[in-house]
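What follows is a single structure, written as structure tokens, with notes after it.
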Ligand code: PGA
């Protein structure tokens, strides 16, 4: 995986790829490419977001191979415990060593019809379990409402969080039209969106979250996006390649 400069976060969203055996193999290969301890102290952080079933493997083998990887989950239940078949709680993820949780990724928003209350519950439960929610926001249409839509998605979660909780959220700008496509949003667009999100959340809530970008980032274009004042990248397809 490419390592951006400090203090960036390179978050690898594996989506529904990589079973636990493939995860083990990936970490073993990474341990060869990335000698023990490399990456620590440089300030850049690599985090993988495997499927739930691969988290334990990633936790155990990144520790035993000495690979400096943080762990994140792709989703979390808005409930704490109980009769919620199929759901995984924040405390379970915390016990698996997760540091981050994706909240409101556009694929979860669409496929699970997540409500605002559920997104708030997911963010709150993650924070209560000492994890950092990465709140994904972004407009659906390229020529549509644009950045205002992303700001509204961020606002609707931030408005129900306490000031202490707001300070713990990372926001990832992910225009839906750029995800899984052949091209990223333009650097100007990403920069405008990051500035708009920062200004909006500062003005309305006094919050200044770290802003990531996601949407077709790969080894060929990441360099051109590094100078935009972002806090890092959320990478999908390209992060499945060990060479990234
Ligand atoms: P992609 O996915 O890099 O494959 O476009 C990004 C994402 O879904 O966050």
* To do: Specify the residue that is nearest to residue 153 (Cα to Cα); the eligible residues are those in segment 77-108 that are within 13 Å of the chain's Cα centre (by Cα) and assigned to a loop (DSSP other than H, G, I, E, B).
  => 104
* **Options 199, 207, 194; residue that is within 16 Å of the ligand (Cβ to nearest atom) and within 27 Å of residue 125 (Cα to Cα)** => 194
* **Qualifying residue in segment 133-142 (condition: over 19 Å from the mean Cα position of the chain (by Cα) and modelled with pLDDT under 95)** => yes
* **Search result, residues across segment 139-153 that are assigned to a loop (DSSP other than H, G, I, E, B) and closer than 19 Å to residue 109 by Cα** => 139, 140, 141, 142, 144, 145, 146
* Restricting segment 210-244 to residues that are over 29 Å from residue 28 (Cβ atoms) and over 19 Å from the mean Cα position of the chain (by Cα), the residue that is farthest from the ligand (Cβ to nearest atom) -> 227
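The values are calculated or read from the model by the stated rules, or taken from the named source; none is laboratory data. Since we're looking at a predicted model, the values are computed, not measured. So basically every Cβ, Gly included, is an ideal-geometry build from the backbone, and we count neighbours across all protein chains shown.
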